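Asker: Got a structure for you, questions after.
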Amino acid sequence: MQCCRNEFGHPEWIDFPRDGNGWSHHYCRRQWSLADTDHLRYKFLQAWDAAMMALDEHYSVLGSRHQWVTHMDEAEQILVFERGPLLFVFNWSPSEGRESYTVAVPVPGKWRVALDSDAWDFGGKGRVGHEVDHFSDPTPAGTSRDREHSIKTAGGLSLGSGDEVA
């Protein structure tokens with residue numbers, strides 16, 4: 001998901017060197033200093049990027065062979081997938097938070113938040129409790145929405161099962 005907002009280092013338009021702009025590099029360079037400017041929100045994107053890299057380092061998510069999209073709900077704008085030992089739940093709606101949304105989990109039991117885009121560190125509202133355990137409900141197999149977890153963010157949530165989440 002890193003590439004989806006990769007233009008954050010370009011606060012203006014992107015104009016690569018070409019004959020029409022005199023081969024200028026002025027509008028094609030990244031401005032990394034933006035993340036170091038406290039009054040701008042770029043610092044939150046840099047923090048999110050670092051947290052995602054740390055998540056991968058801890059769980060080896062990118063190198064995992066286990067990758068499965070378990071649920072896509074276009075009407076609700078929800079995407080749920082498993083990668084490595086983690087379950088990712090993304091609410092892509094810019095205006096609708098989800099107080100409770102039922103998603104399938106690969107194993108029953110306790111689940112904890114591993115990463116949350118609504119955390120204060122990422123410019124969010126801090127609405128997701130990281131100390132809260134989420135317990136799965138056994139329901140008939142065959143549905144992709146058979147477990148209940150609370151999503152209180154317009155962004156992304158990553159859950160790990162049992163005591164895996166540090």
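Asker: Let me know the charge dipole size of the range 45-126 about its Cα centre in debye, to the nearest 20, where only the beta-carbon of Lys, Arg (+1) and Asp, Glu (-1) is charged.
Answerer: 320
Asker: With a 10 Å Cβ neighbour count serving as the proxy for reagent exposure, in which order, fewest first, do M52, M72 appear?
Answerer: So the residues, fewest neighbours to most, are M72, M52.
Asker: Taking amide H atoms as placed 1.01 Å from N in the peptide plane, list the residues 5 or more away in sequence, or in a different chain, whose amide H sits under 5 Å from that of D118.
Answerer: G156
Asker: Another question, if that's okay. Using amide H atoms built in the peptide plane, which far-off residues or other-chain residues are under 5 Å from T70 H to H?
Answerer: Excluding prolines and chain starts, which carry no amide H, the hits are V80, F81, E82.
Asker: I'd like the Karplus ³J(HN,Hα) series for the range 71-82: coefficients 6.51, -1.76, 1.60, θ = phi - 60°, whole numbers in Hz, and an x wherever there's a Gly or Pro.
Answerer: Karplus-based 3J(HN,Hα) across the range 71-82 equals 6, 10, 10, 5, 5, 8, 6, 10, 10, 10, 8, 10 Hz.
Asker: Just in the range 24-112: which trypsin sites (Lys or Arg not before Pro) are loop by DSSP and have at most 11 other Cβ atoms within 10 Å? Don't jump to the answer; show the numbers that get you there.
Answerer: Values: sites: R29, R30, R41, K43, R65, R83, R98, K110, R112; in loops: R29, R30, R41, R65, R98.
Those satisfying the criteria are R29, R65.
Asker: Which length gain, in nm to one decimal place, applies between T37 and S93 when the Cα-Cα distance is subtracted from 0.36 nm times their residue separation? Write down the numbers at each step before the final one.
Answerer: Values: separation 56, 0.36 × 56 = 20.16 nm, distance 2.82 nm.
Residue separation times 0.36 nm, minus the Cα-Cα distance, leaves 17.3 nm.
Only the coordinates and a few stated rules stand behind these numbers; no lab work does. Everything quoted here is computed from the prediction, not taken from an experiment. Because the Cβ atoms are built from the backbone with ideal geometry, glycine has one as well, and the counts that use them run over all protein chains shown.
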